[in-house]
Amino acid sequence: MTNELFLRRLRDNTELKSFDCVNSELNDFLFSDAKKHQEECIAQTYLIVSNEEILAYWCYLNDKISVSDMNGNRESFIKRIASRLGREIKDKEYESFPAVKIGRIAITAKYQRSKDIRLGTYIINYTKQLFVSNNRTGCRFITVDAFREAIPFYLKNGFEFISSRDRKSETRQMYCDLLQL
Ligand SMILES: CC(C)(COP(=O)(O)OP(=O)(O)OC[C@H]1O[C@@H](n2cnc3c(N)ncnc32)[C@H](O)[C@@H]1OP(=O)(O)O)[C@@H](O)C(=O)NCCC(=O)NCCS
């Protein structure tokens, strides 16, 4: 890779150059819906671009992890948070924990699983930095609705399953602790 890369926040006037991550639903979102979602304050999209092309895009929206959704994982989740906070968490003290959802993430086909640049991993690490430093609101976790085929990528980046309820679904809810840098 010789070109310089830039991280951009999508704007009304951002020129959307070609992009193809192979998944047509993810491609269409970028060209047909991303700006509309932005205007409606539903999701904020970010891009990694070079002078010639879009290499990756992803978007953020607010989310929460509800303790009641965690079924089997509930006890271990609460224990893990308590050890991170360095204090006990009382029963019913939190019904949910604030999170940022990565609503969509896609890397252009030729740079997927590229050992040299690891754009997907860069985006996860960038998200941790972005939401932990100068945090405007409390936000402790990243959540995703992971496509089955992308689950290994999330596991390698420290994500865990929120519950086993969706183990047979097309997508699985996963989370990662923002403070686990
Ligand atoms: C899934 C995706 C975002 C991952 O980004 P990426 O830049 O390709 O991933 P990275 O290069 O940072 O990979 C990090 C690790 O995860 C692994 N990995 C990435 N995608 C994987 C996949 N689909 N299956 C298995 N392992 C995968 C890599 O091999 C690498 O492993 P290593 O550390 O042992 O070398 C990207 O491949 C993509 O856009 N896929 C198509 C769209 C998609 O599925 N989006 C996810 C929607 S939930």
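The values are calculated or read from the model by the stated rules, or taken from the named source; none is laboratory data. Quick caveat: nothing in here was measured; it's all calculated off a predicted structure. Cβ placement follows ideal geometry from the backbone for every residue including glycine, while neighbour counts extend to all protein chains displayed. Keep in mind that these areas ignore ligands, DNA and RNA; they rest on the heavy atoms of the full protein, side chains included. Shrake-Rupley method; radii C 1.70, N 1.55, O 1.52, S 1.80 Å.
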Requested in this report: State whether the residues of the range 169-178 include one that is more than 19 Å from Asp69 (Cα to Cα) and surrounded by 19 or more Cβ atoms within 10 Å (Cβ to Cβ).
Outcome: yes
Being modelled with pLDDT under 90 and either closer than 28 Å to Asn135 by Cβ or within 14 Å of the ligand (Cβ to nearest atom) (or both) narrows Lys35, Lys79 down to just Lys79
(message) Please verify whether Arg165 is surrounded by fewer than 20 Cβ atoms within 10 Å (Cβ to Cβ) and either hydroxyl-bearing (Ser, Thr, Tyr) or away from the ligand (no atom under 15 Å from the Cβ) (or both), treating the condition exactly as stated.
(response) yes
Handout entry: Residue match in the range 143-159 (condition: outside any loop (DSSP other than H, G, I, E, B), in contact with a strand residue (DSSP E or B) (Cβ under 9 Å, 6 or more places away or on another chain), touching a residue at least 60 places away in the same chain (Cβ under 8 Å) and more than 13 Å from the ligand (Cβ to nearest atom))
Key = no
For the range 45-60 the number of residues that are at pLDDT below 95 and within 20 Å of Ile124 (Cα to Cα) is 1
Those residues of the range 104-138 which are part of a strand (DSSP E or B) and open to solvent by 30 Å² or more (accessible area, probe 1.4 Å) amount to Arg104, Ile105
For the range 29-44 the number of residues that are of a type outside the set (Gly, Ala, Ser) and either touching a residue at least 40 places away in the same chain (Cβ under 8 Å) or closer than 14 Å to Gly120 by Cα (or both) is 2
Taking the range 90-111 and keeping residues within 18 Å of Asn3 (Cα to Cα) and over 16 Å from the mean Cα position of the chain (by Cα) leaves Thr108, Ala109, Lys110, Tyr111
When Lys101 is run through (1) closer than 27 Å to Arg8 by Cβ; (2) of a type in the set (D, E, K, R); (3) out of contact with any Asp or Glu (no Cβ under 7 Å at 6 or more places or on another chain), the failure sits at (3)
In this structure, does Arg148 turn out to be loosely packed, with under 13 Cβ neighbours inside 10 Å and closer than 22 Å to Ser76 by Cα?
no
Some residue of the range 44-64 being among the hydrophobic types (A, V, I, L, M, F, W, C), surrounded by fewer than 18 Cβ atoms within 10 Å (Cβ to Cβ) and part of a strand (DSSP E or B): yes
Exactly one of Leu130, Leu179 is within 13 Å of the chain's Cα centre (by Cα) and away from the ligand (no atom under 15 Å from the Cβ), and that residue is Leu130
Checked the range 29-43 for anything buried (at least 18 other Cβ atoms within 10 Å of the Cβ) and not in a helix (DSSP H, G or I); matches are Ala43
Those residues of the range 74-103 that are out of contact with any helix residue (DSSP H, G or I) (no Cβ under 8 Å at 6 or more places or on another chain), of a type outside the set (A, V, I, L, M) and surrounded by 18 or more Cβ atoms within 10 Å (Cβ to Cβ) come to a total of 2
